[in-house]
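The values are calculated or read from the model by the stated rules, or taken from the named source; none is laboratory data. Since the model is a prediction, treat every value here as computed from it, not as a measurement. When we count neighbours, we look across all protein chains shown, and the Cβ atoms used for this are built from the backbone with ideal geometry, even at glycine. Accessible surface areas use protein heavy atoms only, side chains included; no ligands, DNA or RNA. Shrake-Rupley method; radii C 1.70, N 1.55, O 1.52, S 1.80 Å.
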Amino acid sequence: MPMFFNNEDGKGQVDTLPLLPLRDVVIFPYMVAPLFVGRDKSIRALEEAMKTNKEIFLVAQKDAKTNDPTEKDIYDIGTIGTIVQMLRLPDGTVKVLVEGKSRACVKNYLPNKSYIMVEVENIPERDDIGVETEALIRTLITAFENYVKLNKKIPSEVLVTVSSIEEPGRLSDTISSHLSFKLEDKQEILETINPAERLEKLYEKIQSEVEIMQIEKKIRGRVKKQMEKAQKEYYLTEQMRAIQKELGEKDDLKSEIQEFEDKLKKKKMTEEAEQKVKKEIKKLKQMSPMSAEATVVRNYIDWLLSIPWEDEKTEDRIDLDEAHNILEEDHFGLEKPKERILEYLAVQALVNKIKGPILCFVGPPGVGKTSLAKSIARSMGRKFIRVSLGGVRDEAEIRGHRRTYIGALPGKIIQGVRKAGTNNPVFLLDEIDKLGMDFRGDPASALLEALDPEQNSTFNDHYLEVDYDLSNVMFITTANVLHTIPWALQDRMEIIRISGYTEDEKLEIAKKFLVLKQREAHGLKKENLKISDNTILDVIRYYTREAGVRTLEREIATLCRKAARDVVKKGPDHTVKLTPAVIKKDNYLGIPKFKYGEIEEKDHIGMSTGLAWTEVGGELLTIEVSIVPGKGNFTVTGKLGEVMQESTQAAMSYVRSRAEKLGLERGFHQKVDIHIHVPEGATPKDGPSAGIAIATAIVSALIRKPVKHDVAMTGEITLRGRVLPIGGLKEKILAAHRGKVRTVIIPHENEKDLKDIRESILKDIKIKIVEHMDDVLEAAIVSDVPVLRDIVIPPPTLAIGDEVGANVN
């Protein structure tokens with residue numbers, strides 16, 4: 001706040017003083033103010049004043065932009081001031097505190113290149129006070145009090161200081177120093193010599209300013225009443241709009257709202273969604289465009305208007321022959337899913353609207369589940385969307401986040417539909433069996449609504465908050481296993497099992513698809529690479545062990561890379577012919593990774609072949625039993641699960657119950673130690689389906705008769721010897737076929753499952769259907785079991801692996 005001191009009036013004498021030109025400021029007598037000086041001439045003028053009596057002439061320049069002012073650029077009347085304090089700042093500028101003493105007028109500019117030197121004449125202040133002047137003083141003080149009340153920037157203490165001043169000149173100068181007038185108005189007051197006239201002019205200007213401020217106050221009050229319940233933010237927005245209108249600027253928010261309204265007119269939405277959009281647009285109109293809430297509302301409206309609604313769909317291709325040709329063109333085999341799609345299209349041709357089926361393709365990796373879904377979309381003429389659910393643990397990933405959260409978005413289903421641009425795409429939910437669950441919710445439970453044909457017509461996403469019809473969407477899910485999918489979710493889907501491919505099917509797939517794909521991917525022409533059928537069979541047999549064809553494709557890619565290297569070396573017309581002999585000789589794929597066919601070449605005692613189901617298809621399972629003299633210990637090894645261990649105990653109990661018919665001594669188990677082992681001990685194994693294989697191996701070891709090496713079996717055993725049904729029969733039969741097994745023993749109740757197995761497979765394998773364990777022994781052990789019931793065995797002296805014809809006595 002400026003400070004004021006008493007000062008004697010000048011006597012009209014002429015002084016020679018350095019001049020300091022001021023930008024946008026007028027110094028009045030009795031006023032103390034800080035100034036920042038940066039121009040070289042001005043700094044030198046201050047230094048000269050400090051050397052003498054510290055007096056300097058302070059006068060405003062007419063244009064603040066002028067850096068080097070001359071006589072024409074400076075006013076004639078200014079204030080003689082005294083330098084109270086001067087301080088040099090680090091940036092080179094000078095901070096100076098000056099005190100105004102008296103008015104003065106420039107008489108003459110003296111020649112000086114370093115700074116401006118002038119002759120000034122003091123203007124004496126008249127102190128005569130008449131009745132009119134006294135009236136002006138009181139009127140001015142009253143007007144100033146009104147000004148201070150309306151202008152909160154001036155502290156109330158100033159009124160006390162002003163009220164105590166009696167001299168009219170000093171009063172006008174003191175009040176002028178506190179007013180926020182223009183430079184020209186302040187200079188006009190400074191140049192008014194007569195105190196009475198000065199008081200009158202000052203009163204006029206204060207009164208005019210007070211009237212303007214009172215009008216502003218009325219306007220603020222009127223606008224505040226019009227706003228009613230609107231808050232400060234809305235008021236600022238209205239002011240900003242008014243300013244933009246005056247400046248002619250474009251109202252971006254208004255144009256954006258207009259765009260939303262135009263889209264709404266064109267969209268055929270549900271009534272609920274339409275009302276929601278209208279309500280949000282109305283809310284957006286009342287918001288500041290820069291507020292965070294407006295951004296949330298804009299995003300929400302944009303989502304509602306961008307997702308496809310009732311009239312945005314693709315027309316299904318109803319031509320069954322063309323759809324069948326596309327499915328056959330893309331995939332070999334897979335008859336069940338192809339048949340189901342053609343049935344759906346046939347019904348679609350007869351009915352105007354049919355609820356989209358929810359299919360679940362279950363099968364080992366690499367059998368073509370995901371690519372089949374793409375082919376289905378192509379055959380139907382629909383858009384295809386794929387969402388991977390592997391590792392998804394948050395329920396909001398499916399149903400969306402509520403709008404209260406920062407960065408909230410709809411769930412993956414609504415995002416996928418928006419990406420497709422139609423409300424009837426083929427929607428693939430990949431790896432549905434890999435869904436997780438934690439404290440954020442259960443995504444599998446969130447899918448119950450979306451994958452239920454009776455409920456998904458009113459699917460409610462947490463972000464959208466309106467019902468959305470998913471009944472036109474054709475959902476397809478894929479999984480490797482079913483046991484990780486909740487039963488409630490399984491019940492909503494049509495399960496279609498896709499088993500592993502046979503050797504013949506893999507050969508056809510390689511010839512029709514894989515070789516062509518990899519040859520093109522590696523830049524090879526048809527004449528550059530020729531692979532024989534026997535070569536592909538060798539790759540299948542000795543370098544892959546899988547239900548699908550992914551590893552086979554990688555091995556074919558390896559062959560293509562080797563061929564590409566030869567073609568680059570020997571020229572673009574070079575032909576690489578790959579035969580089994582060439583692959584072996586040139587070590588194209590390295591040493592064989594697998595032994596073709598896992599069954600033994602000879603019959604062995606105490607060794608049987610079981611059949612197991614895994615996530616990658618069926619596998620042959622070897623069961624080994626060793627019997628040595630002991631005290632009745634029963635040992636099971638091979639990292640077997642609890643269920644499989646119970647199967648070994650059930651098998652042993654059955655053997656003990658049939659000891660007499662098998663020709664075994666009563667209490668034989670107390671004289672020997674029995675050890676059951678399933679090789680590949682690092683691999684966990686579980687399940688009851690190896691029960692009859694375990695029992696066969698135990699009987700073989702006890703009666704010292706070998707098990708046929710070309711017989712494999714699967715089935716659960718009970719204590720009474722009954723053979724119960726098992727699962728995964730097709731995969732197990734395929735594994736037996738790959739291993740060159742000639743006979744497969746299966747439970748009687750699984751006979752119905754043989755219909756799912758191709759005729760070409762069943763021609764190569766003899767299927768033995770059994771109901772009791774006695775039938776299994778009769779078919780699996782070399783000698784006829786009933787003939788052995790009179791044999792009494794001596795103490796056992798052999799272990800597993802004794803071949804037929806070996807000396808066992």
Of those in segment 460-506 that are hydrophobic (A, V, I, L, M, F, W, C) and touching an Asp or Glu at 6+ places or on another chain (Cβ under 6 Å), the residue nearest to VAL277 (Cα to Cα) is VAL466
Find the residue count for segment 613-639, including only residues that are among the aliphatic types (A, V, I, L, M) and crowded, with 22+ Cβ neighbours inside 10 Å.
-> 4
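Open to solvent by 60 Å² or more (accessible area, probe 1.4 Å), modelled with pLDDT under 90 and farther than 23 Å from ASP673 by Cα: is that true of GLU759 in this structure?
Numbers: open to solvent by 60 Å² or more (accessible area, probe 1.4 Å): yes; modelled with pLDDT under 90: yes; farther than 23 Å from ASP673 by Cα: yes.
The answer is yes for GLU759.
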Would you check which residues across segment 165-224 are more than 14 Å from VAL26 (Cβ to Cβ), of a type in the set (S, T, N, Q) and within 60 Å of the chain's Cα centre (by Cα) and list them?
-> GLN214
Kindly indicate whether any position in segment 42-53 is over 28 Å from PRO195 (Cβ atoms), of a type outside the set (Lys, Arg) and within 60 Å of the chain's Cα centre (by Cα).
-> no
Residues of segment 30-68 being over 14 Å from PRO18 (Cβ atoms) and either free of Cβ contacts under 8 Å to residues at least 60 places away in the same chain or surrounded by fewer than 16 Cβ atoms within 10 Å (Cβ to Cβ) (or both), in sequence order, are PRO34, PHE36, GLY38, GLN61, LYS62, ASP63, ALA64, LYS65, THR66, ASN67, ASP68
Residue in segment 77-100 that is farther than 19 Å from LEU46 by Cα and not hydrophobic (A, V, I, L, M, F, W, C) present = no
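Is it the case that some residue within segment 364-384 is more than 30 Å from GLU505 (Cα to Cα) and either of a type in the set (A, V, I, L, M, F, W, C) or assigned to a strand (DSSP E or B) (or both)?
Here is the first cut: in segment 364-384, the residues more than 30 Å from GLU505 (Cα to Cα) are none.
No, segment 364-384 contains no residue that is more than 30 Å from GLU505 (Cα to Cα) and either of a type in the set (A, V, I, L, M, F, W, C) or assigned to a strand (DSSP E or B) (or both).
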Any chance you could count how many residues in segment 348-405 are more than 25 Å from the chain's Cα centre (by Cα), of a type in the set (Gly, Ala, Ser) and crowded, with 18+ Cβ neighbours inside 10 Å?
-> 7
Of all residues in segment 146-169, how many are buried (at least 16 other Cβ atoms within 10 Å of the Cβ), closer than 21 Å to GLU216 by Cβ and free of Cβ contacts under 8 Å to residues at least 40 places away in the same chain?
-> 2
Could you figure out which of (1) buried (at least 20 other Cβ atoms within 10 Å of the Cβ); (2) assigned to a strand (DSSP E or B) isn't true of ALA701?
-> (2)
Hits in segment 5-29 - residues which are of a type in the set (Gly, Ala, Ser) and either at pLDDT 90 or above or surrounded by 12 or more Cβ atoms within 10 Å (Cβ to Cβ) (or both) = GLY10
Taking first residues from segment 390-407 that are farther than 13 Å from ASN299 by Cβ and in a loop (DSSP other than H, G, I, E, B) and second residues anywhere that are open to solvent by 40 Å² or more (accessible area, probe 1.4 Å) and of a type in the set (A, V, I, L, M, F, W, C), the pairs with Cβ under 7 Å that are 6 or more apart or on different chains are ARG393/MET437
Just for segment 75-102: of the residues that are of a type in the set (Gly, Ala, Ser) and over 15 Å from GLU121 (Cβ atoms), which one is modelled with the lowest pLDDT?
-> GLY92
Segment 119-137 - residue that is in contact (Cβ under 8 Å) with a residue 12 or more places away in the chain, outside any loop (DSSP other than H, G, I, E, B) and of a type outside the set (A, V, I, L, M, F, W, C) and, of those, nearest to GLY169 (Cα to Cα) | THR133
Search result, residues across segment 138-177 that are under 23 Å from PRO34 (Cα atoms), part of a helix (DSSP H, G or I) and charged (D, E, K, R) = GLU157, ARG170, ASP173
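Go through segment 99-118 and count every residue that is assigned to a strand (DSSP E or B) and open to solvent by less than 60 Å² (accessible area, probe 1.4 Å).
First, the residues of segment 99-118 that are assigned to a strand (DSSP E or B): 99-110, 117-118.
Filter once more, so that each one left must be open to solvent by less than 60 Å² (accessible area, probe 1.4 Å): 99-106, 109-110, 117-118.
Total satisfying the criteria: 12.
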Segment 145-178, residues that are in contact with a His (Cβ under 6 Å, 6 or more places away or on another chain) and of a type in the set (Lys, Arg) | none
Name the pairs: first residue in segment 724-742 and under 13 Å from TYR501 (Cα atoms), second residue basic (Lys, Arg) and in a helix (DSSP H, G or I), Cβ to Cβ under 9 Å, at least 6 apart or on different chains?
-> ARG738/ARG541
